[in-house]
1. Looking at the stretch 299-315 only, could you name the residues that are within 26 Å of the chain's Cα centre (by Cα) and aliphatic (A, V, I, L, M)?
2. Go through the stretch 234-268 and give me each residue that's among the hydroxyl-bearing types (Ser, Thr, Tyr) and either near the ligand (Cβ under 7 Å from one of its atoms) or in contact (Cβ under 8 Å) with a residue 24 or more places away in the chain (or both).
3. Please pick out the residue among Glu23, Glu38, Glu15, Glu3 that is under 20 Å from Ser162 (Cα atoms) and either surrounded by fewer than 21 Cβ atoms within 10 Å (Cβ to Cβ) or without any contact (Cβ under 8 Å) to a residue 24 or more places away in the chain (or both).
4. Exactly one condition in (1) near the ligand (Cβ under 9 Å from one of its atoms); (2) under 21 Å from Asp124 (Cα atoms); (3) not aliphatic (A, V, I, L, M) is false for Arg290; which is it?
5. Give me the pairs, please: first residue somewhere in the stretch 42-56 and farther than 11 Å from Glu180 by Cα and in contact (Cβ under 8 Å) with a residue 60 or more places away in the chain, second residue anywhere and among the small types (Gly, Ala, Ser) and surrounded by fewer than 23 Cβ atoms within 10 Å (Cβ to Cβ), beta-carbon distance under 7 Å, and either six or more positions apart or on two chains.
6. Spot the failing condition for Ala210; the list is (1) within 19 Å of Asn268 (Cα to Cα); (2) of a type outside the set (D, E, K, R); (3) modelled with pLDDT of 90 or more; (4) in contact with an Asp or Glu (Cβ under 9 Å, 6 or more places away or on another chain), and only one is missed.
7. Kindly indicate whether Asp224 is of a type in the set (Asp, Glu), in the same structural domain as Glu12 (by TED's automatic domain parsing) and modelled with pLDDT of 90 or more.
8. Inside the stretch 256-300, can you point out the residues that are assigned to a strand (DSSP E or B) and touching a Pro at 6+ places or on another chain (Cβ under 9 Å)?
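The values are calculated or read from the model by the stated rules, or taken from the named source; none is laboratory data. Since the model is a prediction, treat every value here as computed from it, not as a measurement. Here Cβ is always computed from backbone atoms with ideal geometry, including for glycine, and neighbour counts include all displayed protein chains.
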Amino acid sequence: MDEYRGVLVFCEVEENIAPITLELLQVGRKLADDLGVELLTVVLGSDIKRIADELVYFGPDKVYVIDDPLLKSYNGDACTTVLERLCEALNPDIILFGQTSVGRDLAPRLSFRLKTRLTTDCIDLSIDQDTKLLLQTKPVYGGNALAVYVCEVKPQIVTVRSKTMSPIAYDENRKGEVIEFDTEIDELIIRTTVIEKVKEEATGIKLEDADIIVSGGRGIGGPDGFEQIEELSKLLGGAVGASRPPCDLGWAPSTHQVGLTGKIVTPNLYIAVGISGASQHLAGMSESKRIVAINKDSKANIFKVAHYGVVGDYKDILPAFIKKLGELK
Ligand SMILES: Cc1cc2nc3c(=O)[nH]c(=O)nc-3n(C[C@H](O)[C@H](O)[C@H](O)COP(=O)(O)OP(=O)(O)OC[C@H]3O[C@@H](n4cnc5c(N)ncnc54)[C@H](O)[C@@H]3O)c2cc1C
């Protein structure tokens, strides 16, 4: 039987190392130490030596680099193939991806190629001391319960929700090895081409990275109401989110949607304004550290997950919030 060893973290790069990678390296380091194995990371791209060298200071024992002009922008076909080859060479026991658009595309493809399984959207990971298997905790039933999964097929592959693990700190004293993994990419395997990249309009902090999110729902009543949501979020240094109806109705961009078919967020503070708390919305925000709900219906489901609730019309409550915050500042 093949021997599986090591914890491999897939490094995502935006312009620099993506925040999710630092979170994965932190939990990966703990898992590797608990198993007494090496922490490995892999970075794919074109001209990425700088990123590979920098990664060493975030704790992996080995950084594998796959540098190829064909990997300049993300391509699922090429990335899956080179990762498959790397995994066949390394035989990692555990592979960690972020629950991001790249992770959600790549992890299922790689699991299929390696004939193993995948647990998505984990919020906690640990090692079972008896079996040495990975305990994979994830929210189920729209965030109303937590389930712990175990995969007896190796490698054990998971995606991890952002902001559920603390990021590893930079330490210049760390030493790790940077290894170039040579592998040829045949252009014929690439069946998809990036025609154009449209950068999301930079309107402050990204939803996934925000510590504070103020979200509006159908109860906001129209685009004008979202101006107040924007004002409050700016004062708090946060980001604006929305439930699905405001996005469908064009009151908010679709990139703001939080929930099952939107973004999954875990900020320190989530303020839900005029949102009823449907299970599909809760699936995207119920793991937030503190939830404040503002709703005129005292029986709204959102109050079941909220730590603090304000019953009333947001048109009265938000201006009072904004005024008070202005005074405190
Ligand atoms: C397959 C599928 C996927 C879905 N994915 C998502 C998803 O990703 N994200 C998502 O959000 N939804 C999603 N939905 C939709 C979801 O089921 C709900 O319809 C939606 O979340 C409801 O949004 P809401 O709470 O803003 O609106 P509503 O349910 O209409 O609630 C509006 C709330 O505003 C309150 N309100 C009204 N006026 C005021 C006021 N003046 N002041 C204060 N409160 C007020 C009301 O009391 C009410 O509670 C999905 C549905 C399906 C079927």
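1. Ile302, Val305, Ala306
2. Ser243, Thr255, Thr261, Thr266
3. Glu15
4. (1)
5. Val56/Gly176
6. Evaluating Ala210 over (1) within 19 Å of Asn268 (Cα to Cα); (2) of a type outside the set (D, E, K, R); (3) modelled with pLDDT of 90 or more; (4) in contact with an Asp or Glu (Cβ under 9 Å, 6 or more places away or on another chain) leaves (4) as the failure.
7. no
8. Gln257, Arg290 - these are the residues of the stretch 256-300 that are assigned to a strand (DSSP E or B) and touching a Pro at 6+ places or on another chain (Cβ under 9 Å).
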